[in-house]
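Visitor: Sharing a structure here in structure tokens format.
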Amino acid sequence: MNEESSNNCIICLEKEDSDHKLFPIPCQCKAFIHIECFSKLDKNECVICHQENSYSKENIQLKIYKKNTS
């Protein structure tokens, strides 16, 4: 688990566990999301600040997973 494991997913509000890792959301907000929850979002922007998604090495898996499940 990541060092911020006490955080909850911004969509489902569940904590990270061994089957559901939390990733930093792809913007400047300090929030986390499960990959499955992220894939359900329709827009290419943050649900909090509405900034366009900007991926990093910590959350590029979100983009890959969403592309492969669309």
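The values are calculated or read from the model by the stated rules, or taken from the named source; none is laboratory data. Just so you know, these numbers come straight off a predicted model, no measurement behind them. Glycine also receives a Cβ, built like all others from the backbone with ideal geometry; neighbour counts cover every protein chain displayed. We work out accessible area using only protein heavy atoms, side chains counted, and drop any ligands, DNA or RNA first. Shrake-Rupley method; radii C 1.70, N 1.55, O 1.52, S 1.80 Å.
Visitor: The conditions are (1) part of a loop (DSSP other than H, G, I, E, B); (2) open to solvent by 30 Å² or more (accessible area, probe 1.4 Å); (3) modelled with pLDDT of 95 or more, and Pro26 fails exactly one of them. Which is it?
Guide: The number of the failed condition is (2).
Visitor: Another one. Run Val47 past the list (1) assigned to a loop (DSSP other than H, G, I, E, B); (2) modelled with pLDDT of 95 or more; (3) among the aliphatic types (A, V, I, L, M) and report the number of the one that doesn't hold.
Guide: Every condition holds for Val47 apart from (2).
Visitor: Restricting attention to segment 48-59, which residues are open to solvent by less than 70 Å² (accessible area, probe 1.4 Å) and of a type in the set (A, V, I, L, M, F, W, C)?
Guide: Cys49
Visitor: For segment 11-21, indicate whether the set of residues that are open to solvent by less than 50 Å² (accessible area, probe 1.4 Å), of a type outside the set (Gly, Ala, Ser) and in contact with a strand residue (DSSP E or B) (Cβ under 6 Å, 6 or more places away or on another chain) is non-empty.
Guide: yes
Okay, residues lined up against (1) at pLDDT below 95; (2) assigned to a loop (DSSP other than H, G, I, E, B):
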| position | (1), (2) |
| --- | --- |
| Glu3 | yes, yes |
| Ser6 | yes, yes |
| Ile33 | no, no |
| Lys66 | yes, no |
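Visitor: Let me ask something additional. Just the residues that are outside any helix (DSSP H, G or I) and free of Cβ contacts under 8 Å to residues at least 24 places away in the same chain, please, taken from segment 53-63.
Guide: Scanning segment 53-63 gives a single hit, Lys57.
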